Amino acid sequence: MKGVTAWCYRWFNEGVSSSSSKAEARREQLRERRADRRLELLTAAIDVIRRVGPDATMEDMASAGGISKPILYRHFNDREGLVSAITELALVDLGRILDDKLGEARLTASRDGVRATIDAFFDYIERDPALFRFVIDQDVRLDNPATVAFSEEVAKHVAAAIREPLDEAGLDSRPADVWGRAIVGMVLHTSIWWITTRATSRADAVDWLADLIWSGIHGGRVPA
């Protein structure tokens, strides 16, 4: 009798374990399909922004994905979720560009380092102006917390590049966070004006910004 009981116990637990494993595998497949579909819709939305411009509507983006607007929101919770996802992708691209430039020449090491970093930012917005304007416009027009991260993340990159040489020189690095955000604010607003008006050449805009920023940093506590 004990042998039968033990066999039944093993059979029951093995069956439960097998069913549980299959259920988990199905759930994982479902999560993967949802993630793939979400990426497809996000890519379609960004393509619409690039084609139509920064004023592309949620209806335009949903139509590009072959779905209705409510279903589009379902994949991203709401409109803010979609904007946040688009912003995150833009930040990954821009962050990689800035990190490459800051790796080549630390921001405060020379004027060339300052100029290279500013030019990298201008290069990014010139290559993808519609997406840049979409992200920035969400912040400026709607004060959307999902897009405030864009300028804040860029400022963190710049502040870190300022802080490193100050620390290495044994100087007060507390201004780094303020300087980083001041620089990003200056470059960001100038770049919006420039991409909209093209009132001067990119080279001149970058050079004049570099002159102003470098003279401010070089005249402060950063060693030459």
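Each value in this text was obtained by applying a stated rule to the coordinates, not by laboratory testing. These numbers come from a predicted model, not from an experiment. Neighbour counts run over all protein chains shown; Cβ positions are idealised from the backbone, glycine included.
Pop out the ³J(HN,Hα) list for the range 171-181 in order, Karplus 6.51 cos²θ - 1.76 cosθ + 1.60 with θ = phi - 60°, rounded to Hz; leave Gly and Pro as x.
Taking θ as phi minus 60°, the curve returns 9, 5, 9, 4, x, 4, 5, 5, 4, x, 6 Hz for the range 171-181.
Which FRET efficiency value, to the nearest 0.05, do you get for T200 and D78 by plugging their Cβ-Cβ distance into 1/(1 + (r/R0)^6) with R0 = 41 Å?
E between T200 and D78, to the nearest 0.05, is 0.55.
Could you sort 193-203, 83-93 so that the peptide with the highest average Cβ count within 10 Å comes first and the rest follow in order? List each step's numbers first, then the result.
Details: 193-203: 12.6, 83-93: 17.9.
In decreasing order of mean packing, 193-203, 83-93 become 83-93, 193-203.
Compute the distance from the alpha-carbon center of the range 174-212 to that of the range 29-84, in whole Å.
About 32 Å separates the Cα centre of the range 174-212 from the one of the range 29-84.
Return the distance in nm (one decimal) between the two label points of a simple spin-label model at D100 and I71, each offset 7 Å from Cα along Cα→Cβ.
Simple spin-label model gives 3.7 nm for this pair.
Could you calculate the FRET efficiency of I192 with D167 from 1/(1 + (r/R0)^6), where r is the beta carbon distance between them and R0 is 35 Å, rounded to 0.05?
0.60
So what are the ³J(HN,Hα) numbers for the range 52-60, from phi and the Karplus equation (6.51, -1.76, 1.60; θ = phi - 60°), rounded to whole Hz, Gly and Pro as x?
8, x, x, 8, 4, 8, 5, 5, 4
How far, in nm, would the chain grow between R27 and S215 when pulled straight, counting 0.36 nm per residue and subtracting the alpha carbon separation?
Going from the current span to full extension adds 61.9 nm.
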